[in-house]
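Novice: Pasting a structure below so you can have a look.
Values in this text are rule-based calculations from the coordinates and carry no lab data. As the structure is a computational prediction, the values presented were derived from the model and not from experiment. Note that each Cβ is placed from the backbone with ideal geometry, even for glycine, and that neighbours are counted across all protein chains shown.
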Amino acid sequence: MYNNQSPCCPYYMNQAAYPYFNAMRRNTAPKFAAFSGTVTGIEDFYPGQDDASVGCYKLISLENIERGLVNFVISPRTYFVDHEVVEVGDEVTGFYDANAPALLIYPPQYPAIVMAKDTVYQNVTVDYFNNQLISSDGNLKLNIELSTEIILTNDQIFNRYPGNKNLIAVYGPTTMSIPAQTTPYKIIVLC
């Protein structure tokens, strides 16, 4: 068989022109996706045989009428917005890396990066924000003021410009423009 041929297609194919053939070109930057629902169960999760991790991981089940059931694996690295304790019956949103490989099981199971309790007066968005603080999907622009708290996940002050980073934005009302603009109450930088 000649170079760059597959058994089912003996003709030459320029693989560089088709990036989906190249596994090394997989996008490794996280693209955050969210799932909102009601917590229907919280139980211990056992990621392996290691006795040191027993009790450190949880499995939180969320149910949504439109999208069904989803399980989130909560690790010690999962960030809970406002350090809220989640209980069965709470309305929450879980954010996960949509580019990460996932198990093909039902219900789907994702490692949670951020969890946020849903409240009427507070919105939470997790996304990559560019140098102008516009989200990767172009739907939200953050306007920083002196009252905006900018911190790290360990609650220490972040004293740099938060552009070109993955951020957790906690905010209230937005404008009716495109992109919607808001002055966040708090920005948590995911380093």
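Novice: Using 7 Å Cα-to-Cβ label points, what is the ASP82/ASN159 separation (nm, one decimal)?
Specialist: 2.9 nm
Novice: Amide H of ASN99: which non-local residues (sequence gap of 5 or more, or other chain) have their own amide H closer than 5 Å, using H built in the peptide plane?
Specialist: Amide H to amide H, under 5 Å and 5 or more residues apart or across chains, ASN99 pairs with LYS31.
Novice: Taking the simple approach of a point 7 Å from Cα along Cα-to-Cβ for both GLU91 and GLN49, what is their distance in nm?
Specialist: Placing both labels 7 Å along Cα→Cβ, they lie 4.5 nm apart.
Novice: With +1 on the Cβ of every Lys and Arg and -1 on the Cβ of every Asp and Glu, and nothing else charged, how large is the dipole of region 123-190 about its Cα centre, in debye rounded to the nearest 20?
Specialist: So the magnitude is around 100 debye.
Novice: Could you give the C-alpha radius of gyration of region 41-191 expressed as a fraction of 2.2 N^0.38 Å, taking N as the number of residues it contains? Present the calculation step by step, with values, prior to reporting the outcome.
Specialist: On the way: Rg = 16.6 Å, N = 151, 2.2 N^0.38 = 14.8 Å.
Normalised Cα radius of gyration, region 41-191: 1.12.
Novice: Cβ neighbours within 10 Å, averaged per peptide: list 72-85, 109-122 in order, most packed at the top. Don't jump to the answer; show the numbers that get you there.
Specialist: On the way: 72-85: 14.7, 109-122: 17.1.
Put in order of decreasing packing, that is 109-122, 72-85.
Novice: Along the Cα→Cβ direction, 7 angstrom out, place labels at ALA102 and ILE151. What is the inter-label distance in nm?
Specialist: Each label point is offset 7 Å from its Cα along the Cβ direction, giving 3.0 nm.
Novice: Give the span of region 123-190's Cα atoms along each principal axis, as three whole-Å numbers ordered largest to smallest.
Specialist: Principal-axis extents of region 123-190 (Cα, largest first): 33, 21, 18 Å.
Novice: Same structure, new question: In percent, how large is the relative contact order of region 32-117, given Cα pairs closer than 8 Å and 6 or more residues apart?
Specialist: Rounded, it is 34 percent for region 32-117.
Novice: Working out 0.36 nm times the residue gap between GLU66 and TYR185, then minus their Cα-Cα distance, what length gain in nm do you get to one decimal?
Specialist: That works out to 39.8 nm of additional length.
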